Amino acid sequence: MNKQAQVSLDRFTEFMASARRSQTADELRELLVDYFTSVGMAMMSYHHLPPFGAADRSPHITVTAHGFPIDWVKRYELEFQSIDPIPRHASQATHSFFWSDARAFNDLSEDERYYLDELEKETLGDGLAIPVFGPFGRGGYVGLGFGPGEPRPPLSSVNLFQSVCQFGHQEFCRILFTRDPGVALSPREIEILRWVSQGKSNAVIAEILSISAHTVDTHLRRTFEKLSVKDRTTAALRGSALGLL
């Protein structure tokens, strides 16, 4: 192993140890920024993508950015966030890809092409799009900008960066779940919710479990209250997002 590769590996090991000890999202974010700054990344963004049914999912994706021009960040939040095709493709990808590769996507809308045109005009340089995956479908996307005129990093560095981002995302999920441990349903409530998620009616569930339909309804109403939902579909989605099903 050459000296540069050893230094990169040492930094990764140090990051992992520090990330495991982090107690807040802000602390973890600082560790990630410090790491990627140390390896020459000019810009970094993190897009958190809660699963359907999660209490914190909303049409407005939570984005954290570092190193990008302030005016660009403002434009992105107000104008570009909903038409940026890179996070959408990252959510469907299994490997990282470069920002400049987005031009080759065969399903770009007119608005998405407009965004890529504006991104090119901003002369931020190329970057790396890294999909990350967490428990219960809680995913995300990390963007690493190289800066104007900077070359693409070698494949060995890309693989290492993907490992850092994946580890960081999992540690963020740990912090998130520690802060919000979720909802406590009884074994019977979980059992009924599982049948609901399979499309079974209260009458059918009652027959399967050899209990009355009234009892099923009572358990389901309590489950709705605990999950803060009002209908069966949302209850099933939220149960899935919490890992109850």
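The values are calculated or read from the model by the stated rules, or taken from the named source; none is laboratory data. Small disclaimer: the values here were computed from a predicted structure and weren't measured. We place every Cβ from the backbone using ideal geometry, glycine too, and count neighbours over all the protein chains shown. Please note that ligands, DNA and RNA were not included when accessible areas were found on the heavy atoms of the full protein model with its side chains. Shrake-Rupley method; radii C 1.70, N 1.55, O 1.52, S 1.80 Å.
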Cα-only Debye scattering, region 41-96: base-10 log of I(q)/I(0) at q = 0.14, 0.18, 0.26, 0.30 Å⁻¹: -0.43, -0.71, -1.24, -1.34
Residues of region 97-140 with amide N under 14 Å of the 7 Å Cα→Cβ point at ASP71: 119, 121-124
Ranked packing of 74-81, 38-45, most packed first, by mean Cβ within 10 Å: 38-45, 74-81
Label point distance in nm, ALA55-LEU209, each placed 7 Å from Cα along Cα→Cβ: 2.2 nm
Helical mean residue ellipticity (222 nm; -39500 (n - 2.57) per DSSP H run of 4+; nearest 500) of the chain: -16000 deg cm²/dmol
Accessible carbon and sulfur surface of the chain relative to its total accessible area, %, 1.4 Å: 53 percent
Partners for LYS226 among aspartates and glutamates (Cα-Cα distance below 19 Å; same-chain residues under 8 apart left out): ASP56, ASP180, GLU189, GLU191, ASP217
Whole-Hz couplings from phi, Karplus 6.51/-1.76/1.60, listed for region 72-83; x for Gly and Pro: 5, 4, 5, 5, 4, 5, 8, 10, 9, 4, 7, 10
Inter-site label distance for HIS95 and THR62 at 7 Å from Cα along Cβ, in nm: 3.1 nm
Estimated vicinal HN-Hα couplings, Hz - region 25-36 in sequence order (Karplus 6.51, -1.76, 1.60; Gly, Pro = x): 5, 5, 5, 5, 4, 4, 5, 5, 4, 4, 5, 6
Gain in span if fully extended, ARG152 to VAL39, counting 0.36 nm per residue against the direct Cα distance: 39.4 nm
Span from the region 184-245 Cα centroid across to the region 41-113 one, whole angstrom: 35 Å
